[in-house]
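K.L.:
For reference, the structure I am asking about is given below.
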Amino acid sequence: MTGTAPRVLVVDDIAANRELLAGQLEQIGCQVELVCDGRSALRALELSRTDLVLLDVTMPGFSGLEVCRAIKSQPGTRLMPVVLVTARGELEDRVRGLNAGADDLLLKPVAISELEARVSSLLKAKLVRDRMDTAEQIVASLALALDARSPYTREHSSRVASLALTLGRAAGLEGLDLDDLYQGGLVHDIGKIGLPDRVLLDDGPLDGEMRALVRLHPVVGGEIIAPLKSARRLVPIVRHHHECYDGGGYPDGLAGYRIPLAARILAVCDAFDAMVSERPYRSALTISAAAERLAEGSGTQWDPALVRLFLADVVCSLGAAA
Ligand SMILES: [Fe+2]
């Protein structure tokens with residue numbers, strides 16, 4: 001191996017096993033950090049650069065499978081290669097390991113040639129991945145490009161993304177669907193990037209031509225994101241965030257459940273945040289007045305089930321915090 005030595009975190013509750021693996025890894029050019037349990041492993045991943053984790057399956061407290069699941073569920077460590085080390089190599093054990101998100105499995109006692117082959121191939125794959133911009137980073141850059149032009153959009157988009165996360169959880173979304181919803185919230189208005197300042201900065205009132213331009217932003221936003229292969233899931237969220245539940249919205253006039261769930265969630269959060277925000281040409285509504293407006297538009301502009309959840313879960317907690 002060339003360049004900076006890769007750093008491998010070895011997690012095993014038995015000191016002799018840790019030392020044995022450390023010796024083997026050092027022989028193949030790795031730097032090694034040793035920890036004795038799952039909690040220390042998660043802390044080590046937060047504190048120091050790690051390229052790969054070798055994880056004993058059977059440990060007191062958090063098992064290796066639980067630690068693996070925790071690593072693979074966090075956005076910051078989701079792409080970290082994890083190799084489970086186990087004395088049990090039955091089909092059932094291997095399947096359990098893969099289901100926990102492990103990238104590979106090594107059987108004890110570990111042969112150094114096999115360790116080298118597996119570690120090298122996972123590290124090479126990680127190097128390639130590290131050099132690519134992830135969809136999250138590209139999406140964040142797009143959002144920053146719009147924010148640079150419009151301070152209102154910056155604050156609005158991040159508030160909408162946070163509200164959407166809360167409403168999405170209440171609606172039962174999890175995992176990747178929640179990630180998409182959050183990122184969709186951050187970039188839902190990215191299509192406004194080409195609008196003239198007078199429109200973008202929302203100094204209003206807008207004439208008919210300007211209004212027509214604004215109505216294009218969901219389509220333009222979808223087109224901006226579409227070439228990003230790994231962010232393509234965000235396209236329908238961005239394109240449809242101005243559809244109305246009764247079919248009266250734009251750009252496609254979709255109605256009811258034909259509007260993607262994430263776009264229906266964003267529509268509620270987007271409208272609510274706009275209502276409770278101060279704008280140059282009107283003052284902010286109170287939370288209870290905005291809640292009333294949402295209730296009035298339930299079933300026509302917005303999904304009634306989501307409005308109910310939003311009023312019960314999100315608005316109540318905002319009211320309590322206010
Ligand atoms: Fe919008």
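K.L.:
Working carefully through the options D270, D313, find the one that is in contact (Cβ under 8 Å) with a residue 60 or more places away in the chain, within 16 Å of the ligand (Cβ to nearest atom) and not aliphatic (A, V, I, L, M). Reasoning before the result, please.
P.N.:
Working: D313 fails: within 16 Å of the ligand (Cβ to nearest atom).
Residue meeting the stated conditions: D270.
Yes or no, residue by residue, for (1) within 25 Å of L294 (Cα to Cα); (2) small (G, A, S):
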| residue | (1), (2) |
| --- | --- |
| K229 | no, no |
| I237 | yes, no |
| H240 | yes, no |
| G247 | yes, yes |
| Y250 | yes, no |
| R264 | yes, no |
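K.L.:
Restricting attention to region 212-228, which residues are without any contact (Cβ under 8 Å) to a residue 40 or more places away in the chain and outside any loop (DSSP other than H, G, I, E, B)?
P.N.:
Across region 212-228, the qualifying residues are A212, L213, V214, H217, P218, V219, V220, G221, G222, E223.
K.L.:
Okay, next question. Out of the residues in region 229-244 that are part of a loop (DSSP other than H, G, I, E, B) and away from the ligand (no atom under 16 Å from the Cβ), which is surrounded by the most Cβ atoms within 10 Å (Cβ to Cβ)?
P.N.:
Pass one, region 229-244, residues part of a loop (DSSP other than H, G, I, E, B): 232-233, 240-244.
From what's left, away from the ligand (no atom under 16 Å from the Cβ): 232-233.
Working: R232: 13, R233: 17.
Here the residue is R233.
K.L.:
Here's something else I'd like to know. So which residues in region 182-228 are at pLDDT below 80, within 14 Å of the ligand (Cβ to nearest atom) and charged (D, E, K, R)?
P.N.:
D202
K.L.:
A further question follows. Among the residues of region 57-95, how many are crowded, with 21+ Cβ neighbours inside 10 Å, of a type in the set (V, I, T) and in a helix (DSSP H, G or I)?
P.N.:
Here the count works out to 2.
K.L.:
Got a number for residues in region 277-317 being surrounded by fewer than 16 Cβ atoms within 10 Å (Cβ to Cβ), in a helix (DSSP H, G or I) and at pLDDT below 90?
P.N.:
3
K.L.:
State all residues of region 156-181 that are more than 16 Å from the ligand (Cβ to nearest atom) and not charged (D, E, K, R); if no residue qualifies, say none. Explain how you work it out, then say what you get.
P.N.:
Step one: filter region 156-181 for residues more than 16 Å from the ligand (Cβ to nearest atom), giving 162, 165-180.
Residues satisfying the conditions are S162, L165, T166, L167, G168, A170, A171, G172, L173, G175, L176, L178.
K.L.:
Which count do you get for residues in region 1-50 that are in a loop (DSSP other than H, G, I, E, B) and among the polar types (S, T, N, Q)?
P.N.:
We begin by selecting, within region 1-50, every residue in a loop (DSSP other than H, G, I, E, B); these are 1-6, 12-14, 28-30, 36-37, 48-50.
Retained after the next criterion (residues that are among the polar types (S, T, N, Q)): 2, 4, 48, 50.
So the count comes out to 4.
K.L.:
Name the residue, out of R215, R308, R282, that is more than 30 Å from T134 (Cα to Cα) and over 26 Å from the mean Cα position of the chain (by Cα). Give the steps one after another, and end with the answer.
P.N.:
Working: R215 fails: more than 30 Å from T134 (Cα to Cα); R308 fails: over 26 Å from the mean Cα position of the chain (by Cα).
It is R282.
The values are calculated or read from the model by the stated rules, or taken from the named source; none is laboratory data. Computed from a predicted structure; not experimentally measured. Ideal geometry is used to build each Cβ from the backbone, glycine not excepted, and the neighbour counts take in all protein chains shown.
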